[in-house]
Structures are given as C-alpha cells and as structure tokens.
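The values are calculated or read from the model by the stated rules, or taken from the named source; none is laboratory data. From a predicted model like this one, the values you see are computed outputs, not experimental measurements. Cβ atoms come from the backbone with ideal geometry, glycine included; neighbour counts cover every protein chain shown. Accessible surface is based on the protein model in full, side chains and every heavy atom, while ligands, DNA and RNA are left aside. Shrake-Rupley method; radii C 1.70, N 1.55, O 1.52, S 1.80 Å.
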Amino acid sequence: MAYGDNVDPKNRVVAIVLVGLLTAVLGYGLVNGLNISIVKKLAEKLDVVDVEEPPPPEEPPPPPPPDNKLPPPPPVVTPPSPIPPPVTTNTIQSVPKAPPTPPPPVYTPPAPPAPPPTPDLSAAGTPRGNPGRWATNDDYPARAMREEREGTTGFRVTYGADGRITSCDVTSSSGHADLDAETCKLIQRRGRFNPGKDRAGNPTGGSYSNRIRWQIPR
C-alpha cells in the first residue's frame, strides 16, 4: 500500500495549505530581499508531506460484438411529383435579314408627244346633175301608155369609187313590172355620182335611194 493511502484527507488539505503559504513567503522574501538562509531554515522546519494521487481506475473492457447484426434501414423512396417538370424548348431566334438593296433607278425617257389627231375628211357621194331627168314621160313605155298604167317606183342604187352605178334594186313597186324594169334600166344608163370620201379623204363608193313617178301627160 502506498504512503499516500494512509494519509488523512484533512492532513492532505493542511499540507497543501502549508505549501501555498511557503510559496507565498518565498515569493515575498525574494521581493523584499530576505536572507536565503532564513528561508531555507523555515523550509526545513516545515513537515512537507508528499501527496500521491491514486492511479486512475482501469477502463472496463469493450462489450462483445452482437451475434446478429441488424439489417441496414431500407432506402428512402421519394414519390414522384404530381406536377410534371417544365418542358424546356430550344427557342430559335431568327436573325433578321438585311433588307434587300433596291435596284438602281432606271431612266425611262419621256414618251414622245402624241401626234395631233388626223382630221376627218369623210364625205358622202352626191348625184351628178338632176336625178329627176334620169327618167321622164318621154321615156314612158308605149304599151303602158296605151293601157294607161301609172304608178311610182322606189329604187336604190350602189356606185363605186369612180361614180358609176354598179346595181339597182326596186324598193317599192309601182304595181306594174314593165314600169319597175324601165326605171332601173334608165337610171343605170343615165345616173352618175360624185364619189364619196373616207376619213383620210380617199374616194369611196356608196348608195343612193329615190323614187320615179310614172304619169301619163294629159
């Protein structure tokens, strides 16, 4: 058994107090220049007791490992979120194209002035002389005169650019074929026309209508 085990705890406290006082005296003596021999004598008189602290208790042995190890906890499963994740779309930004360069202006010469309108020189043809002299009572058919047949024959003639009659048609009969036939025969033989003119003034043909009255002189 160690010596420290037989020391009374009260003596241990007293010894600790004495050591503290001795230390204070030594410090004071050093400060005030006391004689070192006096200090030594006082130290020898003190019955210093060395106190040994008991050794620390032994640590208990570690517990034996368990025979059956518990299984590891199951992994945590996170349920899927009911909200669908946002869909990210790649937005393609179109680069604005530069406006096309306008073509250089093309010089267009002004249109020439319109020519003045051509004057209208058109004119209708006219009979030459007196149409009433183309057929007279002197030309009365002898048979028709004996039978005293009378009447008025309407006619229409066409003529060419030279003024000569090209055709004759009876438009209204006198009621007697010989008087109608004599009318066209005399007009085609005696009738002449001043030809008409077209827009440019060139001679052109035309037509003419009139009537001949057959009447026996008395």
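A 1.4 Å probe over all protein chains sorts Thr183, Thr152, Thr101 by accessible area into Thr101, Thr152, Thr183, starting with the largest.
Remark: the stretch 126-214 is approximated by an ellipsoid whose semi-axes, taken from the C-alpha gyration tensor as √(5λ), come to 29, 11, 9 Å, largest first. Highest mean packing comes first when the peptides 202-213, 126-137 are listed by Cβ atoms within 10 Å, giving 202-213, 126-137.
Across Lys97, Lys185, the residue with the most accessible area heads the list, and the full order at a 1.4 Å probe is Lys97, Lys185. For the pair the stretch 173-218 / the stretch 109-161, the C-alpha centres are spaced 7 Å from each other. Ranked by the mean number of other Cβ atoms within 10 Å per residue, highest first, peptides 165-171, 107-113 order as 165-171, 107-113. Within the stretch 147-186, the GluC sites (Glu not before Pro) that combine a DSSP coil assignment with at most 16 other C-beta atoms in a 10 angstrom radius are Glu147, Glu148, Glu150.
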